[in-house]
1. If ligands, DNA and RNA are left out, what is the accessible area of LYS295 with a 1.4 Å probe, given in Å² to the nearest 10?
2. Let me cross-check GLU317: its accessible surface, 1.4 Å probe, with only protein heavy atoms counted, in Å² to the nearest 10?
3. Under a 1.4 angstrom probe, counting protein chains only, how are THR159, THR379 ranked by accessible area, largest first?
4. Could you order HIS416, HIS237 so the one with the most accessible surface comes first? Probe is 1.4 Å.
5. Would you kindly find the accessible area of ASP383, with a 1.4 Å probe and non-protein molecules such as ligands, DNA and RNA excluded, rounding to the nearest 10 Å²?
6. Sum up the charges of everything whose Cβ sits under 12 Å from the Cβ of LEU30, counting Lys and Arg as +1 and Asp and Glu as -1, but leave LEU30 out.
Amino acid sequence: MASKSRWADTEEDAAYEAKIRREKEEKKRLKAEKARKAEEAQRAQAEAEAAKLRAAQEQQQNQDDRPPAKRRKLTPEGEGQESGGAKEENNNNNNAKLLRFEAGTWGKSRSVENYDKLNDIEEGAYGWVARAKEIKTGKVVALKRLKIDPNDAAGLPETGLREIQILKDCSHRNIVELREVVVGDDTSRIENVFLVLEFLEHDLMSVLGDMPEPFLASEVKTLLLQLAGGVAYLHDHWILHRDLKTSNLLLNNRGQLKIADFGMARYVGDPPPPKLTQLVVTLWYRAPELLLGTKTYGAAVDMWSVGCIFGELLTREPLLQGKTEADELTKIFELCGIPSDDSWPGFRRLPNARHLRLPKASAAHAGSVVRARFPLLTTAGCDLLSGLLSLDPDRRPTAREMLQHEYFRQDPKPKHEAMFPTFPSKAGQERRRRRSTPNAPGRGQKAAELGAVDFSGIFAAREKEERGGGFALRMV
Ligand code: ADP
């Protein structure tokens with residue numbers, strides 16, 4: 001219960017204050033209710049649009065008296081060879097018969113046949129992305145196939161629908177642009193729906209994996225400012241990305257960074273909905289409150305991921321490469337310190353915190369070692385990185401606060417995007433070699449029970465590590 005204000009001298013004052021408080025709470029409640037309703041409506045709309053899309057395409061097929069057109073071979077003769085003018089002309093004739101996509105009506109989506117595949121960018125268990133060329137205009141795009149959701153009885157690609165809905169609503173220079181949604185011949189199959197995205201030559205993970213030298217400080221600043229700009233836009237619009245990582249950050253040859261992959265993203269209100277899935281964000285970028293099983297979380301989960309990305313930009317290695325959820329927490333505590341009632345008030349109330357056995361708060365080296373881990377980072381840089389990697393989500397800076405941070409004002413200044421180095425584009429030419437990083441958890445997947453984890457030996461292990469030994473977590 002809120003304590004009596006020291007300004008409330010009389011009963012009347014106290015009653016007045018209580019009334020204001022009630023009004024404020026009511027206002028907050030109404031705001032949250034409104035955001036929740038907006039999200040429900042959006043979800044219903046996305047599902048209705050998917051159904052409309054199927055119906056409209058079936059209708060188109062029925063109306064068409066020609067036998068269904070043979071599907072264009074998506075791989076052109078000779079990998080990477082671009083199609084010639086004849087093909088283009090041919091397609092222009094076909095265009096008259098194709099339904100045109102108009103914003104907001106997936107039912108009128110154009111056919112994927114308007115594009116020629118140039119090469120695969122990403123092909124794996126989790127999805128398919130290819131570089132393609134619009135036949136009519138010659139414009140190069142990225143085609144991303146909608147994934148069916150194996151956990152959904154109706155096969156509805158909920159992640160894909162969310163991705164479409166959210167990308168459709170976004171317009172920002174640091175967020176990948178969704179140009180249109182196109183469909184394949186067999187429209188009864190949802191995996192025949194493709195997102196046509198602006199094409200960017202690189203993703204940051206591949207660039208980092210191939211760089212002989214790490215980014216310069218001025219380059220790290222440019223990338224971080226763009227990332228924070230995109231994230232601030234999302235958070236301003238009540239969107240949580242929930243899977244920020246270097247492979248989801250695209251980079252073009254003009255030094256522009258854009259956030260991609262909105263499959264885990266969702267709208268939230270303030271306060272956030274009381275029950276959000278904890279199983280979000282790829283393990284190495286997952287915030288400690290998620291690992292400890294929180295059901296209410298907010299924009300700070302994305303800011304934790306931004307902190308992990310900051311560290312990765314400096315070293316070219318993912319910062320916290322846990323093998324399991326318990327191992328990830330261990331690595332977090334080793335770097336950021338052991339949580340205490342001071343550093344993270346209330347953490348003991350989180351569901352999985354009950355299973356933790358932590359060393360006494362007075363133990364040596366209980367604090368963060370971010371400074372020691374990044375000896376070349378300036379004090380301001382260290383302050384920002386440590387802030388982003390605060391165990392307590394309330395202590396992490398918001399994306400807007402990050403944009404104003406001293407680190408970006410100090411020398412070396414952020415490099416102008418136009419002066420950014422360019423790299424050979426794998427996406428532009430060939431299939432990528434992937435460094436194996438874990439993926440975001442699948443929808444419907446169950447959170448692994450963290451089980452009883454004993455962190456009490458963490459410092460002994462740290463010391464051992466300093467002497468060259470390994471670190472192993474004891475499970476009790
Ligand atoms: P998934 O949801 O299957 O993980 P993503 O959207 O993350 O799909 O894309 C997977 C990979 O495909 C990215 O890491 C990136 O390498 C590549 N990619 C995605 N979108 C684009 C794009 N617009 N331009 C170039 N490459 C892209």
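The values are calculated or read from the model by the stated rules, or taken from the named source; none is laboratory data. Treat the numbers as computed from the prediction; the structure is a model and nothing was measured. Positions of Cβ are generated from backbone atoms using ideal geometry, with glycine treated the same way; all protein chains shown enter the neighbour counts. The accessibility values were calculated without ligands, DNA or RNA, using every heavy atom of the protein model including side chains. Shrake-Rupley method; radii C 1.70, N 1.55, O 1.52, S 1.80 Å.
1. Probe radius 1.4 Å; accessible area of LYS295 about 90 Å².
2. 90
3. So the residues, ranked largest to smallest area, are THR379, THR159.
4. Details: HIS416 130, HIS237 85 Å².
So the residues, ranked largest to smallest area, are HIS416, HIS237.
5. Taking all protein chains as shown, ASP383 has close to 90 Å².
6. Numbers: positive: LYS24, LYS27, LYS28, ARG29, LYS31, LYS34, ARG36, LYS37; negative: GLU23, GLU25, GLU26, GLU33, ASP270.
So the surrounding residues net to +3.
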